[in-house]
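Asker: First the structure, which I've put down as structure tokens, then a few questions once you've had a look.
The values are calculated or read from the model by the stated rules, or taken from the named source; none is laboratory data. Nothing here was measured: the structure is a model prediction, and the numbers come from that model. Here Cβ is always computed from backbone atoms with ideal geometry, including for glycine, and neighbour counts include all displayed protein chains. Note: areas computed on protein heavy atoms with side chains; ligands, DNA, RNA excluded. Shrake-Rupley method; radii C 1.70, N 1.55, O 1.52, S 1.80 Å.
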Amino acid sequence: MTIASRAKKVTTHTLQEMKQGGEKITMLTSYDYSLARLVDSAGIDVILVGDSASNVMAGNDTTIPITLDHMIYHAQCVEKAVDRALVVVDMPFGSYQGDSKNALDSAIRIMKETGGHAVKLEGGIEIIDSIKRIMTAGIPVMGHLGLTPQSIYKFGTYTVRAKEELEATKLLNDAKALEEAGCFSIVFEKIPAELAKKVTEELTIPTIGIGAGAECDGQVLVLHDMLGMTKDFSPRFLRRYADLGEIIDSAVKKYIIDVRSSDFPNENERY
Ligand code: KIV
């Protein structure tokens, strides 16, 4: 029996044990009740209520506009659906940077109002005070380094991060600082696989990669991307496990034809 299959409820300790036992951690995003229910019952280890909801749910170009109230709403919907997975909630842009008291207040709201199990923040040493202050309330924190989409206007593009030595060294130092501060895990987004491997080996906490190669301790994808519901987004790291876009398109077209031709509803579909 694996560590994951033994866990009736996944906790931050389960993830730590999985790293130690060499078992890969699975993580996907969810933002609503119906899909979170399916994802949880399929056996995922971690559900991330990502601020990618800003793009996927609200149609924004970036994650910057999503608010703390929006994130709390999505997390409430997800939390009601989940029996087993660890639910991690993204702290949105503006809810934790530069003011550790604001960070603590935001994290407490998330935990109190949603029933989520942990929060995720983007950044390294520059947000360490916020991370430490959140932890004073006993709230588990997941870090996020590499491509951090809340800083898109600083980076200018969504291209791979930390390819140059200076940025790679900063990432390694940031990862160590996050571990030392007490983060239970770190997401690495869009960084070279070699760097992700090296940092993963140097850390004792689990790393979760997205576009960071196979040597991270786990992997995460945005659910709507891997299900083929977001057609205009196809980075190299994305594997599509279904083409729900096609399935939905043909189902909706069939429904339109059936209604227009009075084929739906039929004798058995009425009262
Ligand atoms: O918001 C999100 O979906 C994320 C993942 C890309 C890790 O942060």
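Asker: Out of (1) part of a loop (DSSP other than H, G, I, E, B); (2) within 19 Å of Leu221 (Cα to Cα), the odd one out for Ile66 is which?
Answerer: (2)
Asker: What is the one condition in (1) open to solvent by 60 Å² or more (accessible area, probe 1.4 Å); (2) more than 20 Å from Ser151 (Cβ to Cβ) that Phe233 does not satisfy?
Answerer: Unmet condition: (2).
Asker: Counting only residues that are outside any strand (DSSP E or B) and open to solvent by 50 Å² or more (accessible area, probe 1.4 Å), which one in the stretch 23-55 is nearest to the ligand (Cβ to nearest atom)?
Answerer: If we filter the stretch 23-55 for residues that are outside any strand (DSSP E or B), which is where we start, we get 23-24, 30-45, 50-55.
Then drop every residue that is not open to solvent by 50 Å² or more (accessible area, probe 1.4 Å), which leaves 24, 33-34, 37-38, 41-42, 55.
Working: Lys24: 16, Tyr33: 18, Ser34: 18, Arg37: 19, Leu38: 17, Ser41: 21, Ala42: 18, Asn55: 8 Å.
Looking at residues that are outside any strand (DSSP E or B) and open to solvent by 50 Å² or more (accessible area, probe 1.4 Å), I get Asn55.
Asker: Another question, then. Would you kindly identify the helices (runs of 4 or more DSSP H) lying entirely within the stretch 132-214 that contain at least 3 residues that are farther than 21 Å from Gly50 by Cα?
Answerer: Numbers: elements: 152-155, 165-181, 193-202.
Helices (runs of 4 or more DSSP H) meeting the threshold: 165-181, 193-202.
Asker: Of the conditions (1) touching a Lys or Arg at 6+ places or on another chain (Cβ under 9 Å); (2) crowded, with 23+ Cβ neighbours inside 10 Å, Glu122 fails just one. Which one is it?
Answerer: Looking at each condition in turn, Glu122 falls short on (1).
Asker: Follow-up question, since we're still on this one. Being polar (S, T, N, Q), surrounded by 18 or more Cβ atoms within 10 Å (Cβ to Cβ) and more than 15 Å from the ligand (Cβ to nearest atom), is that true of even one residue in the stretch 88-100? Outline the logic, then answer.
Answerer: Start the filter on the stretch 88-100 by keeping residues that are polar (S, T, N, Q), which leaves 95, 97, 100.
Checking the rest, the ones that are also surrounded by 18 or more Cβ atoms within 10 Å (Cβ to Cβ) come to 95, 97, 100.
Adding the requirement that they be more than 15 Å from the ligand (Cβ to nearest atom) leaves 97, 100.
For the stretch 88-100, residues polar (S, T, N, Q), surrounded by 18 or more Cβ atoms within 10 Å (Cβ to Cβ) and more than 15 Å from the ligand (Cβ to nearest atom): present.
Asker: Follow-up. Would you point out the residue of the stretch 108-119, among those that are assigned to a helix (DSSP H, G or I) and more than 16 Å from the ligand (Cβ to nearest atom), that is most open to solvent (accessible area, probe 1.4 Å)?
Answerer: At the first step, the residues of the stretch 108-119 found to be assigned to a helix (DSSP H, G or I) are 108-114.
Keeping just the survivors that are more than 16 Å from the ligand (Cβ to nearest atom) gives 108-109, 111-113.
Numbers: Ile108: 67, Arg109: 82, Met111: 50, Lys112: 168, Glu113: 77 Å².
Filtering the stretch 108-119 for residues that are assigned to a helix (DSSP H, G or I) and more than 16 Å from the ligand (Cβ to nearest atom), the one most open to solvent (accessible area, probe 1.4 Å) comes out as Lys112.
Asker: On to the next question. So which of Lys154, Lys170 ends up being touching a residue at least 24 places away in the same chain (Cβ under 8 Å) and more than 20 Å from the chain's Cα centre (by Cα)?
Answerer: Of the residues listed, the single one that is touching a residue at least 24 places away in the same chain (Cβ under 8 Å) and more than 20 Å from the chain's Cα centre (by Cα) is Lys170.
Asker: Condition first: out of contact with any helix residue (DSSP H, G or I) (no Cβ under 9 Å at 6 or more places or on another chain) and either part of a strand (DSSP E or B) or within 17 Å of Ile44 (Cα to Cα) (or both). Now tell me which residues in the stretch 220-243 satisfy that.
Answerer: Step one: filter the stretch 220-243 for residues out of contact with any helix residue (DSSP H, G or I) (no Cβ under 9 Å at 6 or more places or on another chain), giving 220-221, 226, 232, 236-237, 243.
Scanning the stretch 220-243 gives Val220, Leu221, Met226.
Yes/no matrix, rows are residues, columns are (1) free of Cβ contacts under 8 Å to residues at least 24 places away in the same chain; (2) crowded, with 20+ Cβ neighbours inside 10 Å:
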| residue | (1), (2) |
| --- | --- |
| Leu147 | no, yes |
| Ala162 | no, yes |
| Ala175 | no, yes |
| Ala193 | yes, no |
| Lys198 | no, no |
| Pro206 | no, yes |
| Ile210 | no, yes |
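Asker: Only one of these conditions is not met by Ile127: (1) more than 16 Å from the ligand (Cβ to nearest atom); (2) assigned to a helix (DSSP H, G or I); (3) within 16 Å of Ala181 (Cβ to Cβ); (4) open to solvent by less than 60 Å² (accessible area, probe 1.4 Å). Which number is it?
Answerer: Here Ile127 clears every test but (1).
Asker: Among (1) touching a residue at least 24 places away in the same chain (Cβ under 8 Å); (2) in a helix (DSSP H, G or I); (3) among the aliphatic types (A, V, I, L, M), where does Val10 come up short?
Answerer: Here Val10 meets the rest and fails (2).
Asker: Further question on the same structure: Does the stretch 56-78 hold any residues that are touching a residue at least 40 places away in the same chain (Cβ under 8 Å) and either outside the structural domain of Ser185 (by TED's automatic domain parsing) or away from the ligand (no atom under 14 Å from the Cβ) (or both), and which are they? Can you show your working first?
Answerer: Within the stretch 56-78, the subset touching a residue at least 40 places away in the same chain (Cβ under 8 Å) is 56, 62-64, 68, 72, 74-75, 77-78.
Of everything in the stretch 56-78, those that are touching a residue at least 40 places away in the same chain (Cβ under 8 Å) and either outside the structural domain of Ser185 (by TED's automatic domain parsing) or away from the ligand (no atom under 14 Å from the Cβ) (or both) turn out to be Leu68, Ile72, Cys77.
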